[in-house]
Amino acid sequence: MTPSAQTIADNASSRVDYSIAGMTCAACVRRVERAATNVEGVQSASVNLATERATVSFNELSPERLESVRQAIERAGYPARALTHAAFEHATLNDLDSTEPTTGRELASLKRSTLWAFALALPIFIVSMGPMLVPGGMDWMMTWMTMDQWNMLLWLLATPVQFGPGWRFYRHAYASLRSASPDMNLLVALGSTAAYAYSTVVTWFPSSLPIQARHVYFESSAVVIAFVLLGKTLESISKGRTRDVLNSLVKLQPRTAHRVSGNAVEVVAIEKLQVGDLIEIHSGESIPIDGTVELGESFVDESLVTGEPIPVSKAPGEPVIGGTVNQHGLLRVRVTAIGSSTFLSRIATMVQDAQANKPPIQHMVDGVVAWFAPVILVIAAVTAVTWWWMGGESRIAMALVHSVSVLIVACPCAMGLATPISMMVGTGRGAELGILFRSGESLQQLESVRRIVLDKTGTLTLGRPDVEAIESLGSYSDHELHRMAASASRTSQHPISQAIVTAWSSDENLLGANDSKTVPGSGIECTLDNGRLLRIGSLTWMKRLGIASPSETQRIEQWLKKGKSIACIGIDERLEGVIAVSDPIKSESAAALARLHELGLECWILSGDNTATVRGLAKALDLDGYEAEMLPETKENRIREWQRNGIAIAFVGDGINDAPALAAAEVGIAIGTGTEVAVSAADVVLISGHLYGIPNAILLARALMRNIRQNLLWAFGYNVLLIPIAAGALVPVTGWYLTPMMAAIAMSGSSLFVVFNALRLRWFTPTTGKEEVNYQLKSKRVAIRSDEVAP
């Protein structure tokens, strides 16, 4: 279960996503954000480098403002196009496809540029470096052409690289200078241009330089461009793989449906379906749209949506989700949601929102990146001046090589990708497991949570009453009492009445119930076909009728002390029996909570139920503490009190009354099978309602934040280590230094490391519960209430 379509629409009515092409580093992100927020009427803008999307919020949305933002982004140097917003009521899941045509064209252009760059740079590299690796190689080369002629050949090969494949760096560098936001493109453009320009002077005006300074560095300029382009191409391909989850959601939904029109069945595009249409799904087909079964029975595989591997039985009146698979039999389904209101579209929207939202740690990175390129330019200038001053006869060459290496090796790309690429992969993996994170902030906070606070009914328990025992107090057998109680309970919709009827499993027919009436707050009474006057209700009612003796009352009160809900059975003018009803604990509750304890977390219950009931549940599940008989506002107040004492709280609930607590906690976790209000108030949604989603969400949050820190440590550590080496800090000590070509390889490798490290989250292994299969419940049933409830 996800937030309602109206909730999504309300939140998204003034928000538009833009597909952005050409971004290469964190500085690009800042430039796009600044361009968008400078447009009148824009409230905020958040750009994700990994997804190549900008999410822009408007004070008031209009087509003119929509276009103004697009134009502002393009003036900043990045092709952009608006995607979806809530005005498109019939938007389909395809509108959420993250594989945008713009991105595809950009990748194709990158591949072509890389191939051309390598095709020209490879002979430059062979001519420049090959003779140095082969004894006598230089003498052999001189037998073919003079050095000046070789330099001219290298210039002819390097120039197309510099102003062909390398032109993209100039274009983006110009845009970055125009917006006063220098970035990686400027660093690469300056570095490669310095090497190319110096080599050009040596080639065409050699007499203007001392003999010892007449060396060309065309291999540095050309090979640098080739390797940087190769790195960006591999990075773009790898980032595409991180979009697998959203792409798989798109592919889940069929493009056509079998619509029933009278006695005919026609194939139509799902965009033409309307709410209320009747569609037909054959065995083995994917269900095209959300709906309710009207005819037929089948098992539906919902694993790709909920993460639960066991097919779910579907019968008339039960809901089905678009994208799930009908395994057996023919179903006729009435359409209940279309377009952006469908379950899959809402999931995709939530995943994209989480990916676009920056966790707090990213704001620190943004602050560093804002200063990164200017600082690198200063370091490169200082490097050039220093080597010019202390480089001796080779001062020009040393100043050039080291300053260019500094410009090339510096990598803001890795810092810019460190957080969003991990967020993208991690939230996508969560969606596969049925765990939806609403924001990056909730992920970071979930990692720091130390106390899990749970609601009881519907969260730890099934949320429905179940007959636990029937005890005869008179001459009737337990079976006879159950038959008469079930016969009378068929006339009532009270949950306990329904539980009594559901528990009747005998083939023996039930009796007819005549003149049935409900006594408000007390119970029901009727006359059965066997002539008996039957009453089922609370002990208080039985006392008021004068048919409950002190000894019988004492026996019933023992059930109440155990935390059971009871229904007394009065036949004619005697109390003949009692039915004890409980709310069964979910089968996975004990093992899931034990897993939370293993993770070092405290587990508490805050419940509105009676103390005896809550105490029994806490004991059965070995919880650290409990509080009972709490109103929604007292739950919220208790959470805020714990927070004031420095305890980070995650609250888990499913009901309307849980909404205040879900909103107050650092992280609210909603059971997806609960109410829409609870889901809308939560930060994390467990689609399947399976309690193993709680430890899975925490483990995933910890793995994701650990992955982000690894990426940031690498990105910062890489620059801290290699920039001084590129500047020549080791030359006086060891003679080691980085050539511009080696710097380009290192820079590309830095970004690729971050991407591939993030991709490891795709193999995050959830807690399945199989290892806990022998874990035994201390108590398998706990009453939903311990006060007297009349059916």
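Within segment 504-561, the set of residues being hydroxyl-bearing (Ser, Thr, Tyr) and touching a residue at least 12 places away in the same chain (Cβ under 8 Å) comprises Ser506, Ser516, Thr518, Ser522, Thr527, Ser538, Thr540, Ser549, Thr553. Taken as a whole, segment 494-509 holds at least one residue that is surrounded by fewer than 21 Cβ atoms within 10 Å (Cβ to Cβ) and in contact with a Pro (Cβ under 7 Å, 6 or more places away or on another chain). For Ile723, the conditions (1) modelled with pLDDT under 75; (2) surrounded by 20 or more Cβ atoms within 10 Å (Cβ to Cβ) are fulfilled apart from (1). Restricted to segment 105-131, and to residues that are under 29 Å from Tyr18 (Cβ atoms), open to solvent by less than 40 Å² (accessible area, probe 1.4 Å) and not hydrophobic (A, V, I, L, M, F, W, C), which residue is modelled with the lowest pLDDT? Among those that are under 29 Å from Tyr18 (Cβ atoms), open to solvent by less than 40 Å² (accessible area, probe 1.4 Å) and not hydrophobic (A, V, I, L, M, F, W, C), it is Ser109. Being out of contact with any strand residue (DSSP E or B) (no Cβ under 8 Å at 6 or more places or on another chain), within 29 Å of Thr634 (Cβ to Cβ) and open to solvent by 40 Å² or more (accessible area, probe 1.4 Å) is a condition met by at least one residue of segment 535-546.
Can you tell me which of Ala80, Ala91, Ala26 is modelled with pLDDT under 65, among the small types (Gly, Ala, Ser), crowded, with 17+ Cβ neighbours inside 10 Å and within 25 Å of the chain's Cα centre (by Cα)? Every option except Ala91 fails the conditions. Would it be correct to say that Ala175 is within 18 Å of Thr24 (Cβ to Cβ), part of a helix (DSSP H, G or I) and either touching a residue at least 40 places away in the same chain (Cβ under 8 Å) or open to solvent by 80 Å² or more (accessible area, probe 1.4 Å) (or both)? Criteria met by Ala175. Within the option set Val16, Val56, being farther than 28 Å from Phe169 by Cβ, β-branched (Val, Ile, Thr), in contact with a strand residue (DSSP E or B) (Cβ under 6 Å, 6 or more places away or on another chain) and at pLDDT 80 or above holds for one residue only, Val16. Residues of segment 568-594 that are touching a residue at least 60 places away in the same chain (Cβ under 8 Å) and either over 28 Å from Thr461 (Cβ atoms) or open to solvent by 50 Å² or more (accessible area, probe 1.4 Å) (or both): Ile571, Arg574, Leu575, Glu576. Scanning segment 602-649 for residues being modelled with pLDDT under 85, open to solvent by 50 Å² or more (accessible area, probe 1.4 Å) and not in a helix (DSSP H, G or I) gives a total of 3. When Ser565 is tested against (1) free of Cβ contacts under 8 Å to residues at least 40 places away in the same chain; (2) touching a Lys or Arg at 6+ places or on another chain (Cβ under 7 Å), exactly one condition is not met: (1).
When segment 183-197 is filtered for residues that are at pLDDT below 80, of a type outside the set (Gly, Ala, Ser) and open to solvent by 30 Å² or more (accessible area, probe 1.4 Å), only Leu190 remains.
For segment 710-735, taking the residues that are within 30 Å of Leu686 (Cα to Cα) and in contact (Cβ under 8 Å) with a residue 60 or more places away in the chain, the one that is nearest to the chain's Cα centre (by Cα) is identified as Asn711. Every condition in (1) at pLDDT 85 or above; (2) open to solvent by 30 Å² or more (accessible area, probe 1.4 Å); (3) in contact with a Ser or Thr (Cβ under 8 Å, 6 or more places away or on another chain) holds for Pro695 except the one numbered (2).
Just one of (1) more than 30 Å from Ala743 (Cβ to Cβ); (2) assigned to a helix (DSSP H, G or I); (3) modelled with pLDDT under 85; (4) open to solvent by less than 50 Å² (accessible area, probe 1.4 Å) fails for Ala663. It is (4).
The values are calculated or read from the model by the stated rules, or taken from the named source; none is laboratory data. None of these values were measured; they are calculated from a predicted model. Quick reminder, even Gly has a Cβ in these numbers, built from the backbone with ideal geometry, and neighbours come from all protein chains shown. Heavy atoms of the whole protein, side chains included, go into the accessibility calculation; ligands, DNA and RNA do not. Shrake-Rupley method; radii C 1.70, N 1.55, O 1.52, S 1.80 Å.
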